[in-house]
Structure formats: C-alpha cells, structure tokens
Amino acid sequence: MQTYPLGQFSVGRVGFGAMQLPGPGVLGPPRDHDQAIAVLQRAIELGINHIDTAQFYGPNVANELIREALNPYPDNLALVSKVGGDRDEQGNWLPAQQPDDLRRGIEDNLRTLAADRLAAVNLRVMGAGDDPSSPGEVDRELFDRQLSAMIKARDEGLIAGIGLSSISLEHLQIALDRTEIVCVQNAYNLVDRTSQPVFNACLEHGIAFVPFFPLGSAFTPDNPVLGHPAVRREAAKLGRTPAQIALAWTLSVAPNVLLIPGTSSVGHLEENTAVADIELTTTSSGNSTTRPERFSRRRPSPRCAGPLSASPRSRRHAGPRSTLASSAYPPANWPEGHRGSPRTQPPGQRRTRRPTRWSRRPRA
Ligand SMILES: NC(=O)c1ccc[n+]([C@@H]2O[C@H](COP(=O)([O-])OP(=O)(O)OC[C@H]3O[C@@H](n4cnc5c(N)ncnc54)[C@H](OP(=O)(O)O)[C@@H]3O)[C@@H](O)[C@H]2O)c1
C-alpha cells in the first residue's frame, strides 16, 4: 500500500475512521458490539495502520472499542484523535475550545484508549459562523492560546504531532508560523471542495490532508457523493462500487491525501480498503480521463448544484457546505448557544460558552 508521512509515522493512504462504530447518532453502544470489534480487527488484518477517533464519539464508545479490539497496539499503528468538542446527556455536540478543555480532552483520550502517546491529535476548531462545520473567522487570541496548549502537550510527550481540523487557510498560516503541523482534517469530497485552498497549502508544505466525509457522511440520507450520477456510472463501468469510485477519486487528487472512511461493516471496510489500484477512466459523458476535475465539470444536479460547480461564485449561492454541512456535522441538534457568530461580536456581547457536561457523565 502506498504510504505518506503522518508526523513520525508513515501510514498507508487508506486508513479507518471510527465515527460509525458507536450507536445511531454517534451516541451510545453499537447496535452490534461484536461486529464493531470485528471491523477494527479486520482493519489491522488488511494492513490499515491509521485509525481516526475522538473521545466524543459515543462519547467514550469508539475509544473503548478500539482499546478492547486492538490493545496492545501494533507499533506501527497511528492512533489519531481530536479535541475541541464535547457531548451532553442528550448527545448534543458542544464546543470545548478553551486550552484546559483541550488538555483534558487529550488526557481523556489517552486514558480511554489506554495509550501512552497518540500519533497526532487534531485541534478541532468549532466554527464561529452559522454553519458550525465551517471555520469562520479566526479568533486570534483564542487560537494562539489553543496552539500553546497543543504545543505543550506535544512537548510533554502526550502526543507525537499536532493536527488541525475544520480550519481556514488563515488558521493554517498562523499555526505554521508557530509550530509544525502534521495533518489537517477538513470536510472534503468530490462534491464539496470548499477546503481546496487549505488542501493545496497542505500539499505545498508536505502536510497530510485527511478529508472527513469522503463518502458524503452518514448524516445525509440522500447521499450526494454515493448517489452522484457520474460516480454511479463510473462504478458500473469499472465493476466497482460507488464508494470505491468516490474514494479512488479522493486518493487521486494528490499524494498527501490520507483516507479515513467510516464504516460499521466489515464488508464495506474491505471494499473501502481495496481502492488503491483503481484507475478512473471515463465519466458519464464518455470522456477519457484520470483527472478528478472531470467530476466537477458536470452540469449541476438540483440537489448538488453548488458542489458540482467549478466557480467559487456559484458555490457561494448554493454551496456544498450548505447542502452537506448544515444537515451533516454537527447535525441539527447543535446547541443554540453555539449558533450565530459569537467570535465576531464585540467581546462584551459574546455569548458565554456553555460549560462542558463531561464530568456529569458516568465514566467507564
Ligand atoms: N474532524 C472532524 O470534525 C470529523 C468530522 C466527521 C468525521 N470525522 C472522521 O472522518 C471519518 C469519515 O467520516 P464519516 O464516517 O463521518 O463519513 P464517511 O466516511 O463520508 O461516510 C460514512 C458513511 O458511509 C457509509 N459507508 C462506508 N463505506 C461504505 C461502502 N463501501 N458502501 C456504502 N456505504 C458505505 C457508512 O455506512 P456503514 O456504516 O453502513 O458502512 C456511513 O453511513 C469519521 O469516521 C471520523 O473518524 C472527522
């Protein structure tokens, strides 16, 4: 399998995202515990050595499954997590963005995974705009303090590398002025390329770009990626599945792409891992190409008008983010306290961040 550096690790370009392992809504235990364990163990058998997780998947559940299935961990396994979010008793997704929250998140991850050190931890920036999946404006003062907390954790050996997630180009530039960044995790797939400038900067700096929602996520019932006509036609032509085409497309964009498709199924895991050798040949229009851009030049469908448009101007109107992200992650139950643009309001008028509810939850 082709590899790419992830900080001190060299990982296969196809990894695994653990967000689909907990129960529905990324909450509570899996519907089928043994199946979840089997997925993780099969991932290692298939040669996967990059697993993405988060304390707030479940919460606790994804990490505990990983520990149960894989501990003691293979030496070459890069366990990557993220901090900056939290869940309440109802499963609402809460921001936990203060430096103390980040530190606590790192320590919680280490404890529930029973790991001494994580290959990388992503600082998951929670958006300041109406769309919590988009990074919004940089809160420079807070971001500096967040970076200091992450640098301290790395310098103390809790994490091997610092990653960033859901960031803008400005976040990346500020961070790179201060320290090494080993990976960036932003939403990106063949119908949502809002993060292309960040992606390009990562490529330029040799930073792994780890797209989340490579298959369009589990949050959209009418999946715009797997249901894309060009994807379906290419799949039929090559005798592959739409998921494999979508993943092969994402891999083909640049060598610094590290995939972490999420699944709760061994069959899907096996499919998703067998994509490295797929050569995209034709689109539904019959043009021979291996260039992923082909998918973006198709006439926009009503459902995916923004995502398929090549022009930033049209993206602004019917954009992929509004289609995908607003109904995706975090889903509609994002707390009212995080909506709006608290960081863009004058400090005196900023909403107070809700306290985290972590401590109220029973810990395993
Ligand atoms: N940094 C962040 O803020 C952030 C946000 C979201 C996710 N992530 C990470 O990114 C990873 C990937 O994102 P994601 O899991 O949300 O979405 P995704 O990988 O785009 O899609 C997952 C969905 O695709 C389905 N699926 C997987 N393989 C399939 C196949 N071969 N055929 C048909 N359907 C298939 C899954 O269902 P089945 O379970 O039935 O296979 C699930 O519904 C996550 O697992 C997580 O680790 C990070």
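Laboratory data are not the source of any read-out in this text; all were calculated from the coordinates shown. The structure presented is a predicted model; accordingly, all values stated were derived computationally and were not measured. Here the Cβ is made from the backbone with ideal geometry for all residues, glycine too, and neighbour counts use every protein chain on show.
In table form, for the structure just shown:
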{"item": "Candidate set: the range 156-180, residues that are charged (D, E, K, R) and farther than 17 Å from Glu137 by Cα; chosen: the one surrounded by the fewest Cβ atoms within 10 Å (Cβ to Cβ)", "result": "Asp177"}
{"item": "Complete set of residues in the range 220-264 that are surrounded by fewer than 16 Cβ atoms within 10 Å (Cβ to Cβ), in contact (Cβ under 8 Å) with a residue 60 or more places away in the chain and out of contact with any Ser or Thr (no Cβ under 7 Å at 6 or more places or on another chain)", "result": "Asp222, Pro255"}
{"item": "Any helices (runs of 4 or more DSSP H) falling wholly within the range 30-148 and containing at least 1 residues that are closer than 21 Å to Thr273 by Cβ and within 13 Å of the ligand (Cβ to nearest atom)", "result": "33-45, 61-70"}
{"item": "Residue within the range 218-238 that is of a type outside the set (Val, Ile, Thr), touching a Cys at 6+ places or on another chain (Cβ under 8 Å) and within 14 Å of the ligand (Cβ to nearest atom) present", "result": "yes"}
{"item": "Residue satisfying condition, being more than 30 Å from Ile245 (Cα to Cα) and touching a Leu at 6+ places or on another chain (Cβ under 9 Å), within set Leu176, Leu147, Leu164, Leu172", "result": "Leu147"}
{"item": "Test: residue in the range 199-209 that is within 13 Å of the ligand (Cβ to nearest atom), among the β-branched types (Val, Ile, Thr) and crowded, with 24+ Cβ neighbours inside 10 Å", "result": "no"}
{"item": "Some residue of the range 12-26 being closer than 24 Å to Asp101 by Cα and surrounded by fewer than 16 Cβ atoms within 10 Å (Cβ to Cβ)", "result": "yes"}
{"item": "Number of positions in the range 226-245 that are in a helix (DSSP H, G or I) and of a type in the set (Gly, Ala, Ser)", "result": "4"}
{"item": "Test: residue in the range 179-196 that is under 18 Å from the mean Cα position of the chain (by Cα), free of Cβ contacts under 8 Å to residues at least 60 places away in the same chain and farther than 24 Å from Ala54 by Cβ", "result": "yes"}
{"item": "Subset of the range 169-185 (residues that are within 16 Å of the ligand (Cβ to nearest atom) and either out of contact with any strand residue (DSSP E or B) (no Cβ under 7 Å at 6 or more places or on another chain) or of a type outside the set (A, V, I, L, M, F, W, C) (or both))", "result": "His171, Gln185"}
